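Trainee: Quick one: the structure is below, and I'll ask about it shortly.
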Amino acid sequence: MRRLTWTTWTGVLGVTILLVGAAPLMAQDPEARGERLRQELEIRFAERIQSELGLTDEQAPKVHEIMARSARQRQSLERRERELRMSLQRHLRPGIAANADSLNAAVEGIAENRVNYTRVMQDEMKELSTVLSPVQRAQLFVIRDRILQRAQELRAQRPANRPPGPRSDP
């Protein structure tokens, strides 16, 4: 069996890393260390998927292509949501009159973005059904779901006053 490359899993692990924040591992050069961490996690995820799903040499490149394309779409949607959330926060600063049109646009944009994110996942799962068996597809879904749930748990445990991402400990 062939080993999948780490780029296949960018979307899932990118979300996980962003949600959790890899702060403790990014002391000196946060961007470089963050990218290395992302690559390491993606390699481990690819190995886990290859092993647990039992992908054949024929399935692996097809799954890689589908997931890489979906990952790029998800990353674009994630960037857009971050932009919209920042806009929302700028308009909700204390002591500054909020612009109703800007707030409505940001909220509607976030809601639409989430629908699009779900649509990307649905399209990806549909396309994967042409390559994976129902059991493999269900296993992939469960693995991803567990990762996202764990990321949410870790995010919930993060102190409220500490944003995700790099931090500097004294």
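Every read-out reported here was derived from the displayed coordinates using simple, explicitly stated rules and does not represent laboratory data. What you are looking at is a predicted structure, and each value in this text was computed from that prediction instead of being measured. Cβ placement follows ideal geometry from the backbone for every residue including glycine, while neighbour counts extend to all protein chains displayed.
Trainee: Go through the range 107-147 and name the GluC sites (Glu not before Pro) that are in a DSSP coil and have 13 or fewer other Cβ atoms within 10 Å of their Cβ.
Mentor: Taking the range 107-147 and a limit of 13 other Cβ atoms within 10 Å, no loop GluC sites (Glu not before Pro) are found.
Trainee: How much space per residue, in cubic angstrom, does the convex hull of the C-alpha atoms of the range 34-170 take up?
Mentor: Per residue, the Cα convex hull of the range 34-170 comes to 136 Å³.
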